[in-house]
1. Does the stretch 312-333 contain at least one residue that is farther than 23 Å from GLN434 by Cβ and either acidic (Asp, Glu) or modelled with pLDDT of 90 or more (or both)?
2. From the list GLU359, GLU385, which one is of a type outside the set (S, T, N, Q) and either more than 16 Å from PRO442 (Cβ to Cβ) or at pLDDT 60 or above (or both)?
3. May I ask you to list pairs of residues, at least six apart or on different chains, whose Cβ atoms are under 8 Å apart, with the first in the stretch 83-106 being of a type in the set (Asp, Glu) and the second being in a loop (DSSP other than H, G, I, E, B)?
4. Criterion first (in contact with a helix residue (DSSP H, G or I) (Cβ under 9 Å, 6 or more places away or on another chain) and either assigned to a helix (DSSP H, G or I) or not basic (Lys, Arg) (or both)) does GLU104 satisfy it?
5. Hey, among the residues in the stretch 214-241 that are surrounded by 14 or more Cβ atoms within 10 Å (Cβ to Cβ) and among the aliphatic types (A, V, I, L, M), which one's farthest from THR139 (Cα to Cα)?
6. For the stretch 87-101, which residues satisfy the criterion of being in a loop (DSSP other than H, G, I, E, B) and touching a helix residue (DSSP H, G or I) at 6+ places or on another chain (Cβ under 8 Å)?
7. How many residues, within the stretch 70-86, are in a loop (DSSP other than H, G, I, E, B) and more than 31 Å from the chain's Cα centre (by Cα)?
8. Specify which of the listed residues (ALA69, ALA54, ALA94, ALA29) is in contact with a Gly (Cβ under 7 Å, 6 or more places away or on another chain), modelled with pLDDT under 95 and farther than 22 Å from ALA173 by Cα.
Amino acid sequence: MASSRRPGRADPGPVEALEAALAPLGASARAAVAFSGGLDSTVLLHAAAQVLPAGRLLALHVDHGLQAASAEWAIQCARQAAALGVDFRTRRLAGSPARGESLEAWAREHRYAALAEMAAESGVSVMLTAHHADDQIETFLLRLARGAGLDGLVGIEVDLTRDGLRLMRPLLALSRRCIEAWARESALSWIEDPSNADERVARNALRRQLMPAIDRVLPSLRHRLPDTLASLREARDRIRALELRDLAGVEVDTREFGLCLSLSAWRALPVARRPGVLRRWLAECGVRMPSRARLAEIARQLESPRKDAQAAMSHDGCVVRRYRDLVILAPAAAGFAPGGRAPEGVPAAGTVPLGAAREARSVPIDWAGEGRIDCPGLGGWLLIEPVLEPGRPGLGADDLRAPDLVLRPRTGGERLRTRPGGPHRSLKNLFQEQGVPPWLRPCLPILWSRGHPVWVPRLGIDADRVATQGERYRLEWIILDKIIKNK
């Protein structure tokens, strides 16, 4: 990378910051700039164009659709990128924040998702964003005011990897004043978003009212805060290492429930370390961090010695539940779904909410020998494995090939014979005997043929259909519904 330092500059500027940040990536690395067209990202794009050849640089723009001029801004960004010889991609967001959801949080989450998607489509694994030193101070103060813990107070990371995408903030050590001076020296033009002047938004009010006062009263904050943040990161990393070590000793990665906790192993930890393990587990599952009070309440319920205690604490659209010796993460609306990541080697199924399973249509099972049949409308898939052990029961191949075989949700009143010559008993009673909790039962569809249940997850094959010889198969219902959060 050829140096483009401006003559007479005493301090490093945007180009020098880019050179230092990108040097470790190697000569063939490709990077994308998150390009809104505002002052900061315009400087970042122009500086990056001086450091990286055009073929290794991409400009990605997200049109939030929140301003009347947003479509025109996308056109202006495309023109700037074209003038620099930089490839340009844009994506317009659809939808709007849910009732009660922060507009800023909604825009940030969906903007990141759109940028990550465009980067993946373009084969780029490094994303450059234009956060600078003033952003860092503002972020620290806003999180401090919200009562954030260490994970929040460490501020904006200069370099991190998220969902396989490396995010780099090469301008993080530069002030807004420095960036604007460079833009004016370079005769750049940029877009002024009128929403940045809306002081009903906390960040805007802080930037326009509090930051000038801080510069007057506490001018050393700009120089001292990076050291403070570095100390906080060191403390955060030490605590995180301990939490991860504790988590490794109590986590249970189940095929059916995803990443869970062993309740007994968690309770065996020192009391002071239990909330940290819960926090790290939720982070691994991609859930927003709870407040200290909410985390303490979750821990309190899980610590209850009563065997019949049913902890069910809601947080961030999910529920933390106890099930036997497991602690499970579930979507609140559905009542159940596994936590976070899928087991190794098992890809995630569809993302239809499990609560919709009761209204889902039946799924015909046209089996042709496959080991898995996806049923996204029912919130999971049917696993079919051959039984090889002599005498071990299974469902006969002929029954699996029955033309009327169908998988459908429970509607109530279904009955199953669990032993030869025994009575047909209600699924409700059988579930109760097997300890299957009420919140899990609606997520277990029934395999039907000839107007009768053939097989029910957790209960087994109807006794009249059990085969102990010949070609036969073991069935299992895998519930796997992805939980996607700000991650």
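1. Scanning the stretch 312-333 turns up at least one residue that is farther than 23 Å from GLN434 by Cβ and either acidic (Asp, Glu) or modelled with pLDDT of 90 or more (or both).
2. Values: GLU359 fails: either more than 16 Å from PRO442 (Cβ to Cβ) or at pLDDT 60 or above (or both).
Only one candidate passes the filter, namely GLU385.
3. ASP87/SER122; GLU104/VAL201
4. Values: in contact with a helix residue (DSSP H, G or I) (Cβ under 9 Å, 6 or more places away or on another chain): yes; either assigned to a helix (DSSP H, G or I) or not basic (Lys, Arg) (or both): yes.
Judged against the criteria, GLU104 is a match.
5. It comes out as ILE239.
6. Narrowing the stretch 87-101 to residues in a loop (DSSP other than H, G, I, E, B): 93-101.
Residues satisfying the conditions are LEU93, GLY95, SER96, PRO97, ALA98.
7. From the stretch 70-86, those in a loop (DSSP other than H, G, I, E, B) are 85-86; that's our starting set.
Subsequent filtering for residues that are more than 31 Å from the chain's Cα centre (by Cα) retains 85.
Of the residues in that region, 1 qualify.
8. Working: ALA69 fails: in contact with a Gly (Cβ under 7 Å, 6 or more places away or on another chain); ALA94 fails: in contact with a Gly (Cβ under 7 Å, 6 or more places away or on another chain); ALA29 fails: in contact with a Gly (Cβ under 7 Å, 6 or more places away or on another chain).
So the residue among ALA69, ALA54, ALA94, ALA29 that is in contact with a Gly (Cβ under 7 Å, 6 or more places away or on another chain), modelled with pLDDT under 95 and farther than 22 Å from ALA173 by Cα is ALA54.
The values are calculated or read from the model by the stated rules, or taken from the named source; none is laboratory data. Just so you know, these numbers come straight off a predicted model, no measurement behind them. Note that each Cβ is placed from the backbone with ideal geometry, even for glycine, and that neighbours are counted across all protein chains shown.
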